[in-house]
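The values are calculated or read from the model by the stated rules, or taken from the named source; none is laboratory data. What you are looking at is a predicted structure, and each value in this text was computed from that prediction instead of being measured. Note that each Cβ is placed from the backbone with ideal geometry, even for glycine, and that neighbours are counted across all protein chains shown.
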Amino acid sequence: MNIMTEPQRASSRPDQARRLSLLARLIFGSRWLQLPLYVGLIGAQAIYVLLFLKELWHLGASWDDVTEQQIMLAVLGLIDVVMISNLLVMVIVGGYETFVSRLNLRGHPDEPEWLSHVNASALKIKLAMAIIGISSISLLRTFIEAGSLGTGRTNYTEIGVMWQVLIHITFIASAIGIAWVDRLSETPARKDANQH
């Protein structure tokens, strides 16, 4: 039977505390594994900038050969790229600030207004709203082309339009559900902070 004296017990506690501390540091430090993901999203953002410039070049090069409806569809495509780019910024900045490390932008003149009160819950709601915006632009493009259904001048079918509308409604219902669950889970202290 191994009976430890008090000094032996005391000397074993710092080793155990050091091991737990190392494990805690390892677990907490694992958040940095997300850094390459955010850097990858910055790369995706750069690709969207190139796509935007390419679409803008095509629009400028063929402006005299296209109808007003085609220009409107091209502009909606550009808006769609911008909105997806905004979504990427929200995920990159908000996600990094929430899950990896502080950016220390407090007081910076270009600090996004929404960043001061971002948390995982607020980020989910903002992302849901951004996805609804992107879906709305896509649906608007479909509706503009809906007049050509059945003529062969469009790639859309009635079934395709119906599915787009149903998917858009699903996005809206999901966003309402996320906001409702967030509202239910608010603590009294957080409610007071939001009211002031």
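I want to confirm something. Restricting to the stretch 107-148 and keeping residues that are hydroxyl-bearing (S, T, Y) and farther than 17 Å from G94 by Cβ, which single residue is surrounded by the fewest Cβ atoms within 10 Å (Cβ to Cβ)? Per the stated criteria, the residue is S148. Taking the criterion of being at pLDDT 80 or above, of a type in the set (D, E, K, R) and within 16 Å of Q70 (Cα to Cα), the only residue of the stretch 132-191 that qualifies is R141. Total residues in the stretch 54-73 satisfying the condition of being assigned to a helix (DSSP H, G or I), surrounded by 12 or more Cβ atoms within 10 Å (Cβ to Cβ) and free of Cβ contacts under 8 Å to residues at least 12 places away in the same chain: the figure is 1.
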